[in-house]
Amino acid sequence: MKRIMTIQDVSCVGKCSLTVALPIISAAGVEAGILPTAVLSTHTQFDKFTFCDLTDEIEKISDTLYELGIGFDAIYTGYLGSFRQLGLVGDFFDRFGAGALKVVDPVMADNGVLYKGFTPEFACAMARLCEKADLIIPNLTEASFMLGIPYNPNYDEEYIKTVLKRLTELGCPSAAISGVCLEDGKIGVYYYNAPSDRYFYYANERLPVQFHGTGDIFASATVGAIMRGRSETEALAVAVDFTLMCMKKTLADPDHRTYGVNFEEALPYYIELLK
Ligand code: PXL
C-alpha cells in the first residue's frame, strides 16, 4: 500500500484541509500520514475562530520520522499559515522528497481575493515552495498572486495556457489550474507538463453554485488517484468528476451545511472511479 504525507491544518469543523484529505486519501486505499500545521476551531471563513499554531512541532515530527526511517510515496501540502511553515515544508521536501511525488496546492485565495491573513509577499514565498514541487494545483487567483500578475476573470484558453507555462517556469514540471470555465455550462481543469510541452483540458458540468472546500477535495482526490496508478491527467479528470458529484450530493441534501460539501456521500463514487 502506498503511503503519503499531507501537511496542512486541522479545522475542527468546516470540512477542509485535513478533515477532507484524510478520508478521501484513505478511501482511495492509500495510507494517509498527516502533519497538522495548526488546529483551528473552524476554517477562517467563519466569523470567529481559534488558532493554535503547531509550527514548532513540524521539525520535531520530521526529525523523528526520519530517524525511524519512514518514507513517503507522495508529499502533499495544502493550507500553510506562515513564512516559517513554508520554509519548514521546503526542508521536509528536501529530506523526504527523493522518490516521492511532491504536490503543492497553494491554498490562499479565491475569486480574485486573498483569504484572511495572507499577503502578496506570502504568495511570492509560496511560489518559491512550488519550485520544489512536481505538480502544483492552484486556482487562477492563486496562480495570479504567485506570478504577481493581475487576476483576470475574463480569460480565454490562450491566457490559461500562458499562465500555466509561467507557473512551470517557477521550477515545477507540471501545473494544473482548477476551476477553469472555457465553455458555457462547464467547469474543469487545465494542465501543462513542461518537459513534454503537452497540455490537457478536461471539464464537466458547471453547477450554478460555489461551495467552500472544493479546492481541497479536488487536490486530495487528485493525489489519491495518482497514488492508485493513474497518470496526472487521468487523476485530474477523476478529481473533476468527483468534485462535481460532491456538489450534486450537497445540493440534493436539504439540510446541507453552508461551509462545505457532502463529499462523504460521494466517496463510493470516487472508489468506483478508481476501480
Ligand atoms: O479550504 C481552504 C482552507 C483550509 N484551511 C483553512 C482555511 C481555508 C480557507 O479559508 O481557512 C484554515
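The values are calculated or read from the model by the stated rules, or taken from the named source; none is laboratory data. Remember, predicted model here, so these are calculated numbers, not experimental data. In this analysis, Cβ positions are derived from the backbone assuming ideal geometry, glycine residues included, and neighbour counts consider all displayed protein chains. Ligands, DNA and RNA are excluded from the accessible area calculation, which covers all protein heavy atoms including side chains. Shrake-Rupley method; radii C 1.70, N 1.55, O 1.52, S 1.80 Å.
Looking at residue 19 and the list (1) of a type in the set (Ser, Thr, Tyr); (2) touching a helix residue (DSSP H, G or I) at 6+ places or on another chain (Cβ under 7 Å); (3) free of Cβ contacts under 8 Å to residues at least 60 places away in the same chain, which single condition is not satisfied?
Single failed check for residue 19: (2).
Which number in (1) among the small types (Gly, Ala, Ser); (2) part of a helix (DSSP H, G or I); (3) closer than 19 Å to residue 130 by Cβ marks the one condition that residue 81 misses?
Result: residue 81 fails condition (2) only.
If I ask for residues that are open to solvent by 60 Å² or more (accessible area, probe 1.4 Å) and either more than 14 Å from residue 38 (Cα to Cα) or over 22 Å from the mean Cα position of the chain (by Cα) (or both), which ones from segment 84-95 would you list?
Selection gives 91, 94, 95.
Can you confirm whether residue 151 is open to solvent by 70 Å² or more (accessible area, probe 1.4 Å) and aromatic (Phe, Trp, Tyr)?
Judged against the criteria, residue 151 is a match.
Could you tell me which numbered condition residue 111 fails, if it satisfies all but one of (1) touching a helix residue (DSSP H, G or I) at 6+ places or on another chain (Cβ under 7 Å); (2) open to solvent by less than 20 Å² (accessible area, probe 1.4 Å); (3) within 23 Å of residue 44 (Cβ to Cβ)?
Tallying (1) touching a helix residue (DSSP H, G or I) at 6+ places or on another chain (Cβ under 7 Å); (2) open to solvent by less than 20 Å² (accessible area, probe 1.4 Å); (3) within 23 Å of residue 44 (Cβ to Cβ), residue 111 fails exactly one: (2).
Taking the residues in segment 1-47 that are in a loop (DSSP other than H, G, I, E, B), open to solvent by 50 Å² or more (accessible area, probe 1.4 Å) and within 17 Å of residue 224 (Cα to Cα) as candidates, determine which candidate is farthest from the ligand (Cβ to nearest atom).
Selected residue: 1.
Can you tell me which residue within segment 221-236, out of those that are open to solvent by 10 Å² or more (accessible area, probe 1.4 Å) and β-branched (Val, Ile, Thr), is nearest to residue 2 (Cα to Cα)?
So, considering only residues that are open to solvent by 10 Å² or more (accessible area, probe 1.4 Å) and β-branched (Val, Ile, Thr), the one nearest to residue 2 (Cα to Cα) is 226.
Restricting to segment 211-247, what's the tally of residues that are over 17 Å from residue 275 (Cα atoms) and touching a Lys or Arg at 6+ places or on another chain (Cβ under 6 Å)?
1
Can you tell me which of (1) out of contact with any strand residue (DSSP E or B) (no Cβ under 9 Å at 6 or more places or on another chain); (2) buried (at least 17 other Cβ atoms within 10 Å of the Cβ); (3) among the hydrophobic types (A, V, I, L, M, F, W, C) is the one residue 271 doesn't meet?
(2)
Output the number of the condition that residue 118 fails; it satisfies all remaining conditions of (1) touching a Pro at 6+ places or on another chain (Cβ under 8 Å); (2) within 21 Å of residue 18 (Cα to Cα).
The one condition residue 118 does not meet is (1).
If a residue has to be under 18 Å from residue 17 (Cα atoms), at pLDDT 95 or above and open to solvent by 80 Å² or more (accessible area, probe 1.4 Å) to count, how many in segment 237-264 make the cut?
Of the residues in segment 237-264, 1 are under 18 Å from residue 17 (Cα atoms), at pLDDT 95 or above and open to solvent by 80 Å² or more (accessible area, probe 1.4 Å).
Does residue 82 satisfy being of a type in the set (S, T, N, Q) and away from the ligand (no atom under 15 Å from the Cβ)?
When the stated conditions are applied, residue 82 does not pass them.
Tell me, please, whether a residue that is closer than 23 Å to residue 160 by Cβ and within 14 Å of the ligand (Cβ to nearest atom) can be found in segment 48-70.
No, segment 48-70 has no match at all.
In segment 120-138, what count of residues is obtained for those that are open to solvent by less than 50 Å² (accessible area, probe 1.4 Å) and part of a loop (DSSP other than H, G, I, E, B)?
The qualifying residues number 4.
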